[in-house]
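Asker: Submitted below is the structure of interest, expressed as structure tokens.
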Amino acid sequence: MSDLGDVGKLTGNSVVMHASRAEVKDAAKFRSSIPELVKLSALGPEREQGRARFLIRLAALELGILPSSIHDLYMARGRGEVLPSFTVPAMNLRVLSYEAARAAFRVARRLDAGAFIFEIARSEMGYTGQNAAEYSTNILAAAISEEWSGPVFVQGDHFQLSPKKYQADPDGELNAVKDLAREAVAAGFYNIDVDASTLVDISRASTREQQEANVRVSSELATFIRGLEPEGIFISIGGEIGEVGGHNSTAEELRTFMDGFNLAMPSMADGKPGLSKISIQTGTSHGGTVLPNGTLAQVNIDFRTLKELSQLSRAAYGLGGAVQHGASTLPEDAFHKFVEYEAVEVHLATSFMTQFYETAPKELCREIYAWLDSNYAGERKPGMTNEQFYYKARKYALGPFKRQIYELEESARDRIGAVWEKQFGRLFDLLGAADTRKYVEAFVRPVAVLPTSDDYLGRGSVPGMADDLQD
């Protein structure tokens, strides 16, 4: 696609298209056009969306910004070549993801951080109206705006099977996740968390029987993802042994899952690598538990289990370690414990959305809450206070109010971005992410993967909503 039409005009001739690459003639001028390209990617007609996304992807490569896999860094940690002295923040950016990612890149540059991940779950794509191509475009556009260079880690979080849909149509639901993985890899997601933990059946007698469906489906999905890999890239694939919000994971469950997975995967994937990390349950729930006054109930994380299973996953299976989900609602003074107890990665989402609602213009929030009253009244359980209802339901407004949010005045978006920057700064510091760029440079070998226009034109529907998927 050498002719970008009106999309190319937005750059003020700062980019020249060639057969398979974009030549950035004037980087500063091109950066000034990024906000409009991002808005077009999110809100424009379908073909113009695709053109904007394709241009940003090619320009990012030209400027040394490369979607990458964190697999080799995690494997080095599993071999003991990198000490468990930091926990990688994996950030789910549900709203204004371009502005939020810009804030994270500013912090990363200031702290010389390199080991951090931007992610979005299947469920989040549905209710925020962001498909894989749009999300990765926002991340790469933010990297361009903040003059980042080097690897950028974009991750599919909870590429999960709906147990209701799987029970009704196993092949259809499995193929839906495969289609999502295909779109994600084409968009530069070289890190994917496969999650069939929703299929764990604790009513069965033995741990092996309980994990059987999880092992079988996880290994099939991982094999499929390995078949999508661009040359020179091993996608970082994560597995999950316990659904977040369920009982705490055990060493027996981890061994049962990993032994079964490692037995099945190599024969299907022609000897390619398996998992790089394992997600476990330690007592958290996604979004936290809201009290009647709107504050969050205290969470009691089983840090002992986190450390035990991290060490087991490294020693017995060579993984980077265990992953902690549902952590962003914890008090900040607890975050250093993820490093102390050797979590390889921690997933953060809800608190960033909370900061948006606390900082966004009040008139927009009132409009959103009135819309929730009319459209999500079924989510209001008996005895719920307004604070509890809005806290639980407000994520569902992000897609329907996408245009209003994107069209906020620049001053409002800058104010929200500044709040996020402070939040990212604290989190990066507490998780030991500062000075981790040296580890990325030592172990991650980024590969420049040229996309095709077919990856961006006429593809990439937003996944449908399901009420039994995790964030």
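The values are calculated or read from the model by the stated rules, or taken from the named source; none is laboratory data. Note that the structure is a prediction, hence the values are computed from the model and not measured. A quick note on method: Cβ atoms are made from the backbone with ideal geometry, for glycine too, and the neighbour counts reach across all protein chains shown. Heavy atoms of the whole protein, side chains included, go into the accessibility calculation; ligands, DNA and RNA do not. Shrake-Rupley method; radii C 1.70, N 1.55, O 1.52, S 1.80 Å.
Asker: Starting from the amide H of VAL15, placed 1.01 Å from N in the peptide plane, find each other amide H under 5 Å away whose residue is 5 or more places distant or on another chain.
Answerer: LYS25
Asker: OK, next. Roughly how many debye, to the nearest 20, is the charge dipole of the chain about its Cα centre, given +1 on each Lys and Arg Cβ, -1 on each Asp and Glu Cβ, and no other charges?
Answerer: On the way: 50 positive and 63 negative charges, 117 e Å.
For this selection, approximately 560 debye.
Asker: Sequence-distant or interchain residues sharing an amide H contact under 5 Å with ILE65, placed H: which?
Answerer: GLY150
Asker: If I compute solvent accessible area with a 1.4 Å probe over the protein chains, what percent of it on the chain is carbon and sulfur? It would help to have the intermediate numbers written out before the result.
Answerer: Numbers: 8640 of 17970 Å².
Using a 1.4 Å probe with all protein chains present, the chain comes out at 48 percent carbon and sulfur.
Asker: Need one word for the stretch 149-218: rounded, prolate or oblate. Basis is the Cα gyration tensor (sqrt eigenvalues a ≥ b ≥ c); a/c below 1.5 gives rounded, then a/b vs b/c decides.
Answerer: On the way: a/c = 3.68, a/b = 1.86, b/c = 1.98.
Oblate shape, in that a/c is at least 1.5 and b/c is the bigger or equal ratio.
Asker: Given the -39500 (n - 2.57) contribution per DSSP H run of 4+ residues, what per-residue ellipticity at 222 nm results for the chain, rounded to the nearest 500 deg cm²/dmol? Mind showing how you got there, number by number?
Answerer: Values: 19 runs with 229 residues, N = 471.
That calculation yields -15000 deg cm²/dmol at 222 nm.
Asker: What's the magnitude of the charge dipole for the stretch 349-439 around its Cα centre, counting Lys and Arg as +1 and Asp and Glu as -1 at the beta-carbon? Answer in Debye, nearest 20.
Answerer: On the way: 15 positive and 13 negative charges, 64 e Å.
I would put it at about 300 debye.
Asker: Now a separate question. Just the accessible area per residue of the chain, please: how many Å² with a 1.4 Å probe?
Answerer: Details: 17970 Å² over 471 residues.
Computed with neighbouring chains in place, this is 38 Å² per residue.
Asker: Could you pull out every residue, at least 5 positions away or on a different chain, whose amide H is within less than 5 Å of the one on SER279? Hs are placed 1.01 Å off N in the peptide plane, and Pro or chain starts have none.
Answerer: GLY239, GLU240, ILE241, VAL323
Asker: Let me know the whole percent of all Cα-Cα pairs from the stretch 1-125 that are separated by more than 25 Å. Kindly include the intermediate steps, with their values, before the conclusion.
Answerer: Details: 2864 of 7750 pairs.
Cα-Cα pairs in the stretch 1-125 separated by more than 25 Å: 37 percent.
Asker: Arrange the peptides 174-180, 360-366, 411-417 so that the one whose residues have, on average, the most other Cβ atoms within 10 Å appears first. If you can, show how the numbers build up before the last one.
Answerer: Numbers: 174-180: 18.1, 360-366: 13.3, 411-417: 16.1.
So the peptides 174-180, 360-366, 411-417, ranked by packing, come out 174-180, 411-417, 360-366.
Asker: Taking only C-alpha pairs under 8 Å that are 6+ residues apart, what is the relative contact order of the chain in percent? Can you show the working numbers first?
Answerer: Numbers: 909 pairs, mean separation 116.0, N = 471.
Relative contact order here is 25 percent.
Asker: Output wanted: per-residue J couplings in Hz (rounded whole) for the stretch 155-161, from phi through Karplus 6.51 cos²θ - 1.76 cosθ + 1.60, θ = phi - 60°, x for Gly and Pro.
Answerer: 10, x, 8, 6, 6, 10, 9
Asker: With the cut-off at 1.5 for a/c, could you classify the chain from its C-alpha gyration tensor as rounded, prolate or oblate?
Answerer: On the way: a/c = 1.44, a/b = 1.18, b/c = 1.23.
It comes out rounded by the Cα gyration axes.
Asker: Among the trypsin sites (Lys or Arg not before Pro) within the stretch 1-85, which fall in a DSSP loop and have no more than 14 other Cβ atoms within 10 Å of their own Cβ?
Answerer: Numbers: sites: LYS9, ARG21, LYS25, LYS29, ARG31, LYS39, ARG47, ARG51, ARG53, ARG57, ARG77, ARG79; in loops: ARG21, LYS25, ARG79.
Hits after loop and neighbour filter: ARG21, LYS25, ARG79.
Asker: Something else now. So what are the three principal axis dimensions of the stretch 355-395 from its Cα atoms, in whole Å, longest to shortest?
Answerer: The Cα atoms of the stretch 355-395 stretch 29, 18, 14 Å along the principal axes, largest first.
Asker: With charges only on Cβ, +1 for K and R and -1 for D and E, what is the dipole size of the stretch 173-223 about its Cα centre, in debye, rounded to 20?
Answerer: On the way: 5 positive and 9 negative charges, 25 e Å.
Dipole of the stretch 173-223, to the nearest 20 debye: 120 debye.
Asker: Specify which residue in the list ALA412, ALA393, PHE424 is farthest towards the positive end of the charge dipole of the stretch 338-438, using unit charges on the beta carbon of Lys, Arg (+1) and Asp, Glu (-1), about the Cα centre.
Answerer: Towards the positive end, the residue furthest out is ALA393.
Asker: In addition: Taking the Cβ of ALA343 as the center, what net charge do the other residues with Cβ under 15 Å away carry, scoring Lys and Arg +1 and Asp and Glu -1? Don't skip to the answer; put the middle values down first.
Answerer: Values: positive: ARG77, LYS277, ARG304, LYS307, ARG314, LYS337; negative: ASP193, GLU240, ASP302, GLU308, GLU340, GLU342, GLU345.
Value of the local net charge: -1.
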